[in-house]
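Here is the structure we will look at, set down as structure tokens.
Rule-based calculations on the coordinates, nothing more; no lab input. Treat the numbers as computed from the prediction; the structure is a model and nothing was measured. Because the Cβ atoms are built from the backbone with ideal geometry, glycine has one as well, and the counts that use them run over all protein chains shown.
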Amino acid sequence: MDINQRRKQFWPKKKWKKAVLVTLIALMVVDVPTFAFFEYSVYNETVSPIEVKNSTGTKNALVIYHPGLTGFSHDIAYTFADRLACNGWRVELTTASSKAPSNITQYDLLVFDWPIYDLSPGPTITNYIQRIGDLQGKDTVIVTVGGGINPLNAQDTMKQIIIDANGVVKEAVTIFRGGNFTSKADQAASQIFP
Ligand SMILES: Cc1cc2nc3c(=O)[nH]c(=O)nc-3n(C[C@H](O)[C@H](O)[C@H](O)COP(=O)(O)O)c2cc1C
């Protein structure tokens, strides 16, 4: 069978079948790369330098965040860190990656800011916690961010991950898109003092 005969067999004769086939091909061409791009962003670790805020603070806090595709999670992490610094903490802030501090002995407070992805905690954060292994009974704040779809309660899943890693959940806050989200982050951090 030559290539033209094969093409004829593949390509339907009826108009409506052609339309369905063209639509399916178009959807695949658009959807598959889009889906791949989003999933890549979910698992992709971003390495960033450690920023220090209020270097003379009395106790040490470590804020680890997954930046995501937009500035949402980043802005929440920075607002949270700024408020902790105003409250007297010395704050180190960086993204969840293999370059983030793995020795947590010097910190008195850990803050994990992560987007819900596919109904679950962000993998770069859970991988980071796995790398640390033992949270040494440290006070831990969970900042869950997301688009607003949370039927499996991703925050509870994260709480359990922290507890299983020997951390103590001091506070857990959820911030969904919409409204003045930075003021919510600011408010959540405002009661946490060294
Ligand atoms: C692949 C993917 C899956 C997502 N799954 C959820 C989800 O299950 N629940 C939810 O509330 N938000 C979900 N979101 C939205 C993100 O949690 C939300 O946009 C968050 O702010 C992440 O920031 P970003 O959009 O800057 O990546 C998802 C986003 C992406 C890209």
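Hey, what's the Cα Rg ratio for the stretch 88-151 versus the globular rule of thumb, 2.2 N^0.38 Å?
1.18
Between 0 and 90 degrees, rounded to the nearest ten: what's the tilt of helix 15-43 against the longest Cα principal axis of the chain?
Orientation of helix 15-43: about 20 degrees from the principal axis.
Could you work out which residue, out of Asp31, Asp164, Asp139, moves most in a Gaussian network model of the chain, that is, has the largest mean-square fluctuation with Cα springs under 10 Å?
The residue with the greatest mean-square fluctuation here is Asp31.
By counting other Cβ atoms within 10 Å of each Cβ, how are Asp108, Asp82 ranked from fewest to most?
Going from least to most buried by this count: Asp108, Asp82.
Would you please report the Å³ per residue occupied by the convex hull of the alpha carbon atoms in the stretch 3-43?
Residue-normalised Cα hull volume stands at 73 Å³.
Kirkwood hydrodynamic radius, the stretch 150-194, all distinct C-alpha pairs: what's the number in Å?
Details: mean 1/r = 0.0818 Å⁻¹.
Averaging 1/r across every pair of different Cα atoms and inverting gives 12.2 Å.
When Tyr65, Tyr107 are ordered from fewest to most other Cβ atoms inside 10 Å of their Cβ, what list results?
Listed from fewest to most nearby Cβ atoms, that is Tyr107, Tyr65.
Taking every Cα atom in the stretch 35-81, find the radius of gyration and the maximum pairwise distance Dmax, and write them in Å.
13.4, 45
Show log10 I(q)/I(0) for the chain at q = 0.15 Å⁻¹, two decimals, from a solvent-free Debye sum over equal Cα scatterers.
For the chain at q = 0.15 Å⁻¹, log10 I(q)/I(0) is -0.85.
Of Ser97, Ser41, Ser73, which has the largest mean-square fluctuation in a 10 Å C-alpha GNM of the chain?
Ser41
I'd like the distance separating the alpha-carbon centroids of the stretch 33-51 and the stretch 135-186, in whole Å.
Value for the Cα centre distance between the two parts: 20 Å.
Would you check the chain for Lys pairs whose C-alpha atoms are within less than 25 Å, ignoring same-chain pairs closer than 8 in sequence, and give me the count?
The result is 19.
Given the Cα-Cα distance of Phe181 and Ala36 and 0.36 nm per residue of separation, how much length would full extension add, in nm?
So the chain would gain 49.4 nm between Phe181 and Ala36.
Mind sorting Leu84, Leu27 by how few other Cβ atoms lie within 10 Å of their own Cβ, fewest first? Before the final figure, lay out the partial values.
Values: Leu84 27, Leu27 10.
By the 10 Å Cβ count, ascending: Leu27, Leu84.
Given the C-alpha atoms of the stretch 1-104, compute the convex hull and give its volume per residue in Å³.
So the per-residue Cα hull volume is 135 Å³.
To the nearest 20 debye, what charge dipole does the stretch 3-43 have about its Cα centre, counting +1 at the Cβ of each Lys and Arg and -1 at the Cβ of each Asp and Glu?
Here the size comes out at about 680 debye.
Given +1 on the Cβ of Lys and Arg, -1 on the Cβ of Asp and Glu, and no further charges, what dipole in debye does the chain carry about its Cα centre, rounded to the nearest 20? Working shown, then result.
Working: 19 positive and 17 negative charges, 282 e Å.
Its charge dipole is roughly 1360 debye.
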